[in-house]
Every structure is written in C-alpha cells, then in structure tokens.
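I have a structure here, written as structure tokens, and I will follow up with some questions on it.
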Amino acid sequence: MTLHIDIPDENLAGILVKAFKNRSFLAGFVITALVAAVAILSFFWTPYDVTNLVISDKTQAPSLAHWFGTDHFGRDILSMIMVGARNSIAVALVAVGIGMGVGVPLGAFAAARGGFADDVLMRLNDLVFAFPALLSAIMITAIFGPGAFNAIIAIGIFNIPVFARVARAGALAIWPREFILAARAAGKSRTLISIEHVLPNIATLLLVQGTIQFALGILAEAGLSYVGLGTQPPMPSWGRMLFDAQTRMVVAPWMAIFPGMAIVVTVLGLNLLGDGIADILDPKSRRQR
Amino acid sequence: MTAYLLKRLAIAVVTLVLASMVVFAVLEIIPGDPARLMLGLNASADQIELLRNQMGLNAPVVLRYLHWAGGLLSLDFGRSYTYSVPVIDLVRERLVVSLPLALMALALSTIIAIPVGLFSASRHGRAGDTIAMGAAQLGVAVPNFWFALMLIYLFAVWLRLVPGGGFPGWSAGVLPALKSLLLPAVALALPQAAILARVTRSALIEVLNEDYIRTARAKGLPYRLVLWRHALRNAMIPVVTILGLQFAFLLAGTIIIENVFYLPGLGRLVFQAINQRDLIVVESVVMLLVAAVIVVNFIVDLSYAVVDPRLRGR
C-alpha cells in the first residue's frame with residue numbers, strides 16, 4: 001500500500017500533458033534524449049574509427065568529410081565526441097548512483113531516528129562539505145591513480161552528503177503528516193515506513209537533485225580528465241580532448257570549440273530537464289508561475 | 001545570539017579537527033616512502049632507515065599526528081621533501097597569486113550577479129527576465145576551464161589585449177600583475193555569477209510576494225527603494241550562503257584555472273607536489289583550503305546574525 005499524498009490532483013496522463021507544455025522540460029528532455037541517443041549510437045556506428053590514427057589528416061579544419069575537423073593524430077573530432085559522450089554519461093550516472101544509493105538511506109535514517117544519530121550524521125555531512133569537492137577528487141585520483149574508475153568513486157563520494165541532506169530535509173517534512181501517524185498506529189516499524197511511505201513522497205525531490213548532480217558529474221569528469229586524472233587515453237573523453245586542444249589553440253581552435261560545446265549542451269539539457277521536473281511537480285514553484 | 005555563535009563556533013572547531021584527521025589518515029595510506037624518494041634508487045637500506053628516523057617517520061601514528069597538528073596551529077607545516085624549504089614559505093609564495101585571483105573572481109561574480117538578479121526579479125516573467133535567465137542557464141552549463149580556453153583564444157590569441165598565460169609577479173608592478181589575473185578571474189567568475197544571479201532572483205521573487213512588500217508599496221514608497229531596502233536585504237540569507245560556498249569553490253577552482261593560464265599559484269603547487277610525492281606539501285595545502293572553507297562558513301553564519309535581526313535575540 002503506497003500513498004502518493006503529495007500529488008493528489010493528477011494522474012500520470014495529466015502530468016505528461018503538463019510536462020509537454022513546460023518549455024524548460026521539453027527542451028531539456030529533447031537535448032538529453034539526443035545526447036543519450038548519440039552515446040548509444042556510438043556503440044554501433046561512428047563516422048570514423050576513433051582508434052585509427054591518420055597522421056596525414058592531422059589538424060584539419062571542419063569540412064564535409066570531417067564536420068568538426070580532426071585532431072593532432074588525424075582522428076575525427078565528431079567521432080571522438082560521440083564516444084566521449086558514452087564515457088561522460090557512464091561516469092556521471094554511476095557517481096549519481098553511488099551518491100543516491102548511500103546518501104538517501106543515510107538521510108532517511110537520520111530523519112527517522114532523529115536525536116543523536118541525526119546529529120552525528122549531519123556533522124559527518126558538514127565534514128565532507130568542508131572539503132572542496134574538486135580538490136578532494138584531485139587528491140583521491142592522484143593517490144589511487146588516475147582513471148575513469150577512481151574518478152567515479154571520487155565524484156560519487158561527494159554526491160553522498162548532497163543526497164543525504166536532500167533526503168533528510170524531504171523526509172523531515174513528511175514525518176509529521178497524518179498518514180505517517182496512521183502507519184505508526186498500525187504498528188509499522190520506522191524502517192518500513194521510511195521505505196513504503198517516505199521514499200515515494202520524496203522521490204521527485206531526489207529526481208530533481210539527481211539531474212543536477214548528473215550535470216555536475218559531467219562537469220567534474222571533464223575537469224578531472226582535463227588535468228589528466230580522469231579517463232585515460234586512448235579512450236576519448238571530452239575533458240582530455242580539451243587538454244590536447246589547449247596547446248594547439250592557434251593552429252586548430254576547433255579542437256577546443258566542439259568538445260566544449262558538447263559539455264555545455266549536455267549540462268544545459270540536464271539542468272533544463274531538472275528545472276522542468278521541479279516546475280511540473282513542485283506545487284510551490286507552480287504558484288510562482 | 002551568544003548561544004547561537006558558540007554553537008556555530010563549536011561545530012566549526014570539531015569539523016576542523018575531524019578534517020585534519022581525515023587529511024592525515026588519507027596521506028598515511030598512500031603507497032610510497034618519502035625517505036626512499038628523497039634518496040633516490042641507489043640508497044642503501046641503512047641510509048633510508050636513518051633518514052626515516054631523522055624525519056620522524058618511524059614514530060607511532062598518534063604521535064606523528066599530534067606533532068603535525070600541533071605544528072599547523074603555529075603555522076609550522078614542516079619542510080617540503082623535495083625543496084627542503086619550510087612548506088609555509090612555498091605556500092606563502094603561491095598564496096599571493098591564488099588569493100587575489102579568488103577574491104577578484106568573487107568580486108566580479110557578485111558585481112555581475114546581484115544587479116542581474118535584481119533586474120530579473122523586478123521584471124519577473126517578462127522578456128528581460130527570460131533573456132537574463134536564459135543566459136544564466138547557459139552560464140551554469142559552461143565548464144570554467146573551457147570558458148578560459150575560449151577567452152584566451154579571443155582576447156590573447158586573436159585580439160592580443162592581455163597575456164594568454166603566465167604571471168609577471170607583483171614585483172613587476174600591480175597593473176601588469178592584475179592584468180595577467182584578469183582573464184583567469186573572468187573565467188572563474190562568470191559561471192559562478194550565473195549561479196548567484198539565479199539564486200538572487202529566486203530569493204527576491206519569494207520576498208517580493210510577501211505582505212510587507214505590498215505594504216511598503218501601498219504607503220507610496222518608490223519601487224526602486226522597496227527593491228533595494230526591503231526586498232534585497234531580506235533575500236540576502238540564501239545569497240550570502242551561496243557566496244560563502246562559492247568562495248570555497250573558487251579557491252579550489254583556481255587549481256584547474258591556474259593550470260590553464262600557467263599561473264604559479266596553490267593549484268600548480270599541489271599538482272607538482274602530487275607528481276613528486278611531496279606529501280607534506282599536499283597535506284598542508286589541502287588542510288589550508290579546508291580550514292579556509294570552514295572559516296568562511298563560520299563567517300557566513302555570523303553574517304546571518306547581521307542580516308537577520310531575529311537571530312540576534314537568541
């Protein structure tokens with residue numbers, strides 16, 4: 001038995017109609033779907049093989065044959081961006097998964113228990129927040145070795161307190177409600193109430209935060225790869241492409257322009273999507289419209 | 001107010017102590033022996049053992065932590081393994097680049113964001129608001145190091161207005177030094193300004209819906225006065241919170257931006273130290289930045305009391 005008290009007046013169809021009337025959601029959804037489609041497509045087809053170095057074609061300007069030009073090894077930039085998308089999405093997605101998987105139960109537990117356990121968890125949260133995320137991610141990848149896996153762990157760790165805080169704040173607002181009281185009167189344990197009644201009611205909150213963290217994860221992965229601590233060559237990644245482009249700005253600016261635009265478009269799409277979801281489902285922001 | 005401040009202070013101190021333990025512990029588990037590293041491949045086991053004793057690396061963990069943490073309090077960070085100079089000297093040398101850079105970026109971001117937020121909120125829902133917030137939405141999505149590359153291309157490579165990298169040092173004069181920090185500061189500031197403008201706008205919109213704003217308007221106060229005196233002040237709490245967070249972010253953000261512009265700041269120092277396994281330098285810089293974050297957060301808590309008179313009563 002699950003109660004969706006927070007969304008009383010709408011069924012799924014109603015929400016969908018509203019969603020596609022929301023410009024922010026629509027734009028975000030289209031962009032995100034497009035990026036995801038390109039990433040999936042890259043598994044089956046890219047214009048050129050990104051492992052194939054054609055030195056005679058190096059640093060060619062954008063042309064019909066190479067829409068976004070070629071890099072210093074003669075690799076097709078468009079193909080590299082397509083394969084890089086796969087990599088960025090995978091790193092950010094798993095990092096969000098880690099943050100949600102650990103953070104949400106912690107936050108929900110803190111809200112359900114209250115008192116000492118809550119205090120301890122929130123102080124630990126403050127502790128992690130005190131470490132500038134990027135600095136710590138750099139430290140973690142520097143210590144345990146550069147690579148996509150360690151980048152995921154580093155970004156994931158800093159997602160944990162974010163989700164813990166959001167889940168706790170959301171859960172604290174749900175606990176005083178009547179239907180929780182009813183469930184408690186029925187003899188359900190705090191854990192069961194958290195899972196059956198609290199979580200479904202804070203799901204949208206977590207979804208919105210998830211898209212924000214997803215976008216931040218893409219930016220973080222790009223930053224780490226840019227300083228050489230994220231995804232390692234020859235696997236193409238957007239951050240690494242920008243690093244390679246930096247010393248060649250004068251002769252081949254397209255090497256920097258297009259991977260950067262790929263990051264901007266992806267992050268923009270995710271942020272618009274998050275804003276849109278918040279608009280549609282959060283009654284408070286709806287009132288403001 | 002004393003109770004509120006004492007509680008905040010206690011939290012700050014506890015966080016600082018825990019953070020120092022974490023930093024110490026993380027660097028304890030790193031593989032690699034600094035003594036072996038300093039002496040090179042040809043060193044005998046005895047030589048290494050001797051140096052380990054000299055450096056105090058053989059002492060029990062707890063003692064080493066207390067020694068290190070005690071040193072921090074008197075700004076004695078120990079000596080760099082690779083440069084054999086006190087770490088504090090290295091840090092001081094780099095801080096004169098990183099700190100002005102972060103402050104410049106923070107000032108730029110505030111100067112841009114608050115007026116844009118005010119503009120957007122006062123034209124809520126109209127074309128000006130939509131355009132400004134569209135630009136802000138775009139700004140949030142731009143990675144600062146890519147933006148930095150584009151700025152270099154435009155202003156250094158193409159227009160040749162400013163240097164594309166490097167730092168002449170403050171001894172070369174304040175103006176050339178500031179000039180070489182300008183592009184990095186803009187690169188750091190604009191994405192942050194976009195976030196801050198969004199926060200300012202939404203905080204203002206919330207406040208502008210309050211009854212006391214209507215009262216102020218109804219008694220005939222000009223809209224501009226209501227906006228600046230009544231609304232902005234009440235919208236300051238979220239804005240100040242984000243400003244505090246951004247300062248921490250900017251300090252850390254300088255790490256990557258300094259590498260884009262070849263600036264000899266803390267970020268470059270950290271990277272060199274990581275590559276050379278100069279752990280004590282890494283430890284010190286991380287600890288310094290964490291301490292800065294905690295202190296800034298504490299100042300933010302203090303400023304709540306200034307902005308919100310209700311907290312003063314507590």
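The values are calculated or read from the model by the stated rules, or taken from the named source; none is laboratory data. Small disclaimer: the values here were computed from a predicted structure and weren't measured. Glycine also receives a Cβ, built like all others from the backbone with ideal geometry; neighbour counts cover every protein chain displayed. Accessible surface areas use protein heavy atoms only, side chains included; no ligands, DNA or RNA. Shrake-Rupley method; radii C 1.70, N 1.55, O 1.52, S 1.80 Å.
When a/c reaches 1.5 or more, the comparison of a/b and b/c decides; with that in mind, is the protein assembly as shown rounded, prolate or oblate per its Cα gyration tensor?
rounded
While we're on this one: In a GNM of chain B with a 10 Å cut-off on Cα contacts, which of B:Arg123, B:Arg224, B:Arg79 has the highest mean-square fluctuation?
Result: B:Arg224 has the largest fluctuation of those listed.
Continuing with this model, one more query. Between region A:231-263 and region A:58-104, how many Å separate their Cα centres?
Centre-to-centre distance over Cα atoms comes out at 10 Å.
Right, next: If one takes the accessible area of chain B alone plus chain A alone and subtracts that of the pair, with a 1.4 Å probe, what total in Å², rounded to the nearest 100, results?
Looking at B and A, the buried total is near 3700 Å².
Which ³J(HN,Hα) values, rounded to whole Hz and listed in residue order, are derived for region B:270-285 from phi using the Karplus coefficients 6.51, -1.76 and 1.60 in 6.51 cos²θ - 1.76 cosθ + 1.60 with θ = phi - 60°, glycine and proline given as x?
Along region B:270-285, the couplings run 4, 5, 4, 5, 4, 5, 8, 6, 7, 4, 5, 5, 4, 3, 5, 5 Hz.
Order the following by accessible area, largest value first: B:Asp46, A:Asp49, A:Asp275. Probe radius 1.4 Å; ligands, DNA and RNA are ignored.
B:Asp46, A:Asp49, A:Asp275
Skip the ligands, DNA and RNA, and give the accessible area per residue of region B:95-208 with a 1.4 Å probe, whole Å².
41
In region B:291-307, what residues drop by 30 Å² or more of accessible area when the other protein chains are put back, versus the chain on its own? Use 1.4 Å, and skip ligands and nucleic acids.
Residues meeting the cut-off: B:Val293.
For the ranges A:197-205, A:16-24, what's the packing order if you count other beta-carbon atoms within 10 Å of each residue, average per peptide, and put the highest first?
The most tightly packed comes first, giving A:197-205, A:16-24.
Still on this structure: Give the accessible surface of region A:172-289 per residue, rounded to a whole number of Å², with probe radius 1.4 Å and ligands, DNA and RNA excluded.
41
Which order do B:Leu181, B:Leu154, A:Leu64 take when ranked by solvent-accessible area (1.4 Å probe, heavy atoms of all protein chains), largest first?
Listed by decreasing accessible area, they come as A:Leu64, B:Leu154, B:Leu181.
If you don't mind, there's one more thing I want to ask. What residues does region B:259-290 have that are buried by at least 50 Å² of accessible area in the full protein assembly compared to the chain on its own, 1.4 angstrom probe?
Listed in order, they are B:Phe271, B:Ile274, B:Val286.
Which aspartates and glutamates does B:Lys7 reach when only Cα atoms under 18 Å apart count, and residues fewer than 8 places away in its own chain are ignored?
Within the straight-line cut-off, B:Lys7 pairs with A:Asp118, A:Asp119, A:Asp126, B:Asp301, B:Asp308.
Report relative contact order for chain A in percent, whole number only (criteria: Cα-Cα under 8 Å, sequence separation at least 6).
Relative contact order for chain A comes out at 27 percent.
By accessible area of protein heavy atoms, probe 1.4 Å, what ranking do A:Met100, A:Met261, B:Met287 get, highest first?
Sorted descending by solvent-accessible area, the residues read A:Met261, A:Met100, B:Met287.
So how exposed is B:Ser303, as accessible area in Å² (1.4 Å probe, rounded to 10)?
30
Oh, and also: Note every residue of region A:134-148 with a reduction of at least 10 square angstrom in accessible area, all protein chains present versus the isolated chain, computed with a 1.4 Å probe, or write none.
Residues of region A:134-148 that lose at least 10 Å² of accessible area once the other chains are added: A:Leu134, A:Leu135, A:Ile138, A:Met139, A:Ala142, A:Ile143, A:Phe144.
Right, here's the next one. Roughly how much of A:Ile157 is accessible, in Å² to the nearest 10, using a 1.4 Å probe?
Per-residue accessible area (A:Ile157): approximately 70 Å².
Roughly to the nearest percent, how much of the accessible area of the protein assembly as shown is carbon and sulfur, given a 1.4 Å probe?
It is 68 percent, rounded to a whole number.
I want to verify a result. In a Gaussian network model of chain B, Cα cutoff 10 Å, which of these has the top mean-square fluctuation: B:Tyr223, B:Tyr81, B:Tyr304?
Greatest mean-square fluctuation among the candidates belongs to B:Tyr223.
Could you name the lysines whose alpha carbon sits less than 26 Å from that of A:Lys21, not counting residues in the same chain fewer than 8 places away?
A:Lys284
Please name which of B:Pro222, B:Ile195, B:Val282 has its Cα lying farthest along the dipole of region B:95-311 towards the positive end, using unit charges on Cβ (Lys, Arg +1; Asp, Glu -1) and the Cα centre as origin.
Farthest towards the positive end: B:Pro222.
Suppose every K and R has +1 on its Cβ and every D and E has -1 on its Cβ; what is the size of the dipole of region B:95-311 about the Cα centre, in Debye to the nearest 20?
740
Where only protein heavy atoms count, and the probe is 1.4 Å, what is the accessible area per residue for region B:225-314 in Å²?
For region B:225-314, the per-residue accessible area is 38 Å².
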